[in-house]
1. Among the residues in segment 89-98, are any over 17 Å from the mean Cα position of the chain (by Cα) and free of Cβ contacts under 8 Å to residues at least 12 places away in the same chain?
2. For segment 81-138, how many residues are closer than 21 Å to A308 by Cα and in contact with a Lys or Arg (Cβ under 6 Å, 6 or more places away or on another chain)?
3. Every residue in segment 226-269 that is among the aromatic types (F, W, Y), open to solvent by less than 30 Å² (accessible area, probe 1.4 Å) and within 28 Å of the chain's Cα centre (by Cα), please.
4. Could you say whether any residue in segment 95-104 is crowded, with 19+ Cβ neighbours inside 10 Å and assigned to a helix (DSSP H, G or I)?
5. Working only within segment 72-85, note down all residues that are in contact with a Phe, Trp or Tyr (Cβ under 9 Å, 6 or more places away or on another chain) and open to solvent by 10 Å² or more (accessible area, probe 1.4 Å).
6. What residue, of Q132, Q150, Q114, is part of a helix (DSSP H, G or I) and surrounded by fewer than 17 Cβ atoms within 10 Å (Cβ to Cβ)?
7. Within segment 51-63, is even one residue open to solvent by less than 10 Å² (accessible area, probe 1.4 Å), more than 14 Å from the ligand (Cβ to nearest atom), assigned to a helix (DSSP H, G or I) and in contact (Cβ under 8 Å) with a residue 12 or more places away in the chain?
8. Mind listing whichever residues of segment 1-23 are of a type in the set (A, V, I, L, M, F, W, C), more than 7 Å from the ligand (Cβ to nearest atom) and in a helix (DSSP H, G or I)?
Amino acid sequence: RPRVLSGIQPTADSFHLGNYLGALRNWVAMQETHDAFYCVVDLHAITAGHDPALLRKRTRVSAAQLLAVGLDPERCTLFVQSHVPEHAQLGWVMGCITGFGEASRMTQFKDKSQRQGADRSSVGLFTYPILQAADILLYQADAVPVGEDQRQHLELTRDLAQRFNTMFGQTFTVPAPHIIRDTAKITDLQEPTAKMSKSASTANGLIELLEDPAKAAKKIKSAVTDTGREIVFDQEHKPGVANLLTIYAALTGRTIEELVDAYEGKGYGDLKKDLAEVVKEFLRPIQERTNAYLDDPAQLDKLLAIGAEKARAVAGPTLKAVYDHIGFLAPG
Ligand code: TYM
């Protein structure tokens, strides 16, 4: 079976619909076809200031949500990044073959450091994509299911893997991004040309998996649509309606064409009303299951400990090969 690895940050109280449709849905699907490793990337969550108690809570809530949307610990390896020390260890090594200029060109770093002010940005924010490369390469992943915003980080990962292999001998699988075009960029409900994002979207622009379903339904009903009345799929001229159709299709398994046909002669209000119901019904069971997992934190922690052990069984040998190829003296 080909190998897959992906990660998600525990930086909010809830994941959002963009995370789910752009990435998590594919994580669930790939458990069936791949040897799958998924991690809650807590090391990545401390680059811009955080509250320790909140981070601990969010790490558990994140794991619970991943199980609730359908990850099955019998079918995949689910773990917390900091439980596997090899991530930080390989991160250092990869940092030593990354160019300063190369890292400076990462657009997410440029955006975030600009928002925070360059002097206040941490070095961790700068080296973030290098740690991400280490996450992926440790598992010899063939594929990495992510949304469009991660494409540049995956290109860096591929470059670093190839560079290391050339410099020190074949060590890493060069991974390919697995980005499903239709749902790779779910947009903000209030600003349909910007991506739905926990840091940049306003509360009304974002649907959280754990928010009150009635509130989520209201957000769909008040989503910004476009001028005109006809329901057609046109991302350039009607990004608001296109986003709603994308969400609708992804959540119901219907195609966009089917939906466009079904809404012929109807208005934006009809579309939003129906999608609001779909979203409500989608959120409810996820929330029930998340709460059930959170009701038993000891059991959840045990699942994560088992995941970490399975992860280390793969990450350990990769790091050992890296240390050997790079010329570190093996401990006697
Ligand atoms: P993060 O935590 O920001 O987001 C998790 C996943 O959700 C996707 N995503 C979206 N997809 C479609 N539309 C959106 N509006 C949207 N918003 C977010 C992201 O593309 C991502 O797949 N750097 C990563 C975390 C990471 C990682 C890794 C990923 C760390 N190590 C190794 C893959 C492999 C991040 O910040 O994702």
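The values are calculated or read from the model by the stated rules, or taken from the named source; none is laboratory data. Predicted model only: the values in this text are computed from it and were never measured. Note that each Cβ is placed from the backbone with ideal geometry, even for glycine, and that neighbours are counted across all protein chains shown. Ligands, DNA and RNA are stripped out before the accessible areas are found, and what is left, the full protein with its side chains, is counted by its heavy atoms. Shrake-Rupley method; radii C 1.70, N 1.55, O 1.52, S 1.80 Å.
1. Step one: of segment 89-98, the residues over 17 Å from the mean Cα position of the chain (by Cα) are 89-98.
Next, only the ones that are free of Cβ contacts under 8 Å to residues at least 12 places away in the same chain stay: 92, 96.
Yes, segment 89-98 contains at least one residue that is over 17 Å from the mean Cα position of the chain (by Cα) and free of Cβ contacts under 8 Å to residues at least 12 places away in the same chain.
2. 1
3. Passing the criteria: only Y248.
4. As a first pass, look at segment 95-104 and keep what is crowded, with 19+ Cβ neighbours inside 10 Å: none.
Checking segment 95-104: not a single residue is crowded, with 19+ Cβ neighbours inside 10 Å and assigned to a helix (DSSP H, G or I).
5. L78
6. Q114
7. no
8. Of everything in segment 1-23, just one residue is of a type in the set (A, V, I, L, M, F, W, C), more than 7 Å from the ligand (Cβ to nearest atom) and in a helix (DSSP H, G or I), namely L17.
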